[in-house]
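See below for the structure under consideration.
The values are calculated or read from the model by the stated rules, or taken from the named source; none is laboratory data. Model, not experiment: these values are computed from the prediction. Here the Cβ positions follow ideal geometry from the backbone for every residue, glycine too, while neighbour counts run over all protein chains shown.
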């Protein structure tokens, strides 16, 4: 469970950091843009730290990482940009989550 907490935290940092970076790229007021870039940099550094500090070999955590990343990106995409996933994304995401469950629980 501790491993899953590290992975979920890392994917949240990655998804939010990516969204903040996307906002910074289109922000036109320079002081705000610099602050957004700095915030995105910190969030993406936290993503890297949490993912690499997870007490597990990365190869064994790949499935859980990809599934949580997909879910985090969809949630952040909606919260930051009000974009809802279409049917293709939802069906594909179902396969991603199912595949991750197979990888994670197959022992």
Suppose the filter is part of a helix (DSSP H, G or I) and surrounded by fewer than 13 Cβ atoms within 10 Å (Cβ to Cβ); does residue 48 pass it?
no
The condition of being at pLDDT 95 or above and loosely packed, with under 14 Cβ neighbours inside 10 Å holds, among 85, 31, only for 31
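Check whether at least one residue in the stretch 60-70 is in a helix (DSSP H, G or I), surrounded by fewer than 17 Cβ atoms within 10 Å (Cβ to Cβ) and at negative phi, and report yes or no. Walk me through how you get there before you give the answer.
Here is the first cut: in the stretch 60-70, the ones in a helix (DSSP H, G or I) are 60-70.
When the remaining residues are screened for being surrounded by fewer than 17 Cβ atoms within 10 Å (Cβ to Cβ), the result is 60, 62.
Within this subset, residues satisfying the condition of being at negative phi are 60, 62.
Yes, the conditions are met somewhere in the stretch 60-70.
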In the stretch 88-103, residues that are more than 18 Å from the chain's Cα centre (by Cα), touching a residue at least 12 places away in the same chain (Cβ under 8 Å) and more than 13 Å from residue 68 (Cβ to Cβ) total 1
Here is a list: 42, 76, 56. Which entry is touching a helix residue (DSSP H, G or I) at 6+ places or on another chain (Cβ under 6 Å), surrounded by fewer than 17 Cβ atoms within 10 Å (Cβ to Cβ) and closer than 18 Å to residue 9 by Cβ?
56
Residues 56, 8: which one is in a helix (DSSP H, G or I), touching a residue at least 12 places away in the same chain (Cβ under 8 Å) and closer than 19 Å to residue 103 by Cβ?
8
Residues satisfying the stated conditions in the stretch 71-107, i.e. more than 26 Å from residue 22 (Cα to Cα) and not in a helix (DSSP H, G or I):
106, 107
Among the residues of the stretch 23-41, is there at least one that is within 10 Å of the chain's Cα centre (by Cα) and either within 28 Å of residue 98 (Cα to Cα) or assigned to a loop (DSSP other than H, G, I, E, B) (or both)?
no
Assess whether residue 16 counts as being under 12 Å from the mean Cα position of the chain (by Cα) and farther than 30 Å from residue 106 by Cα.
yes
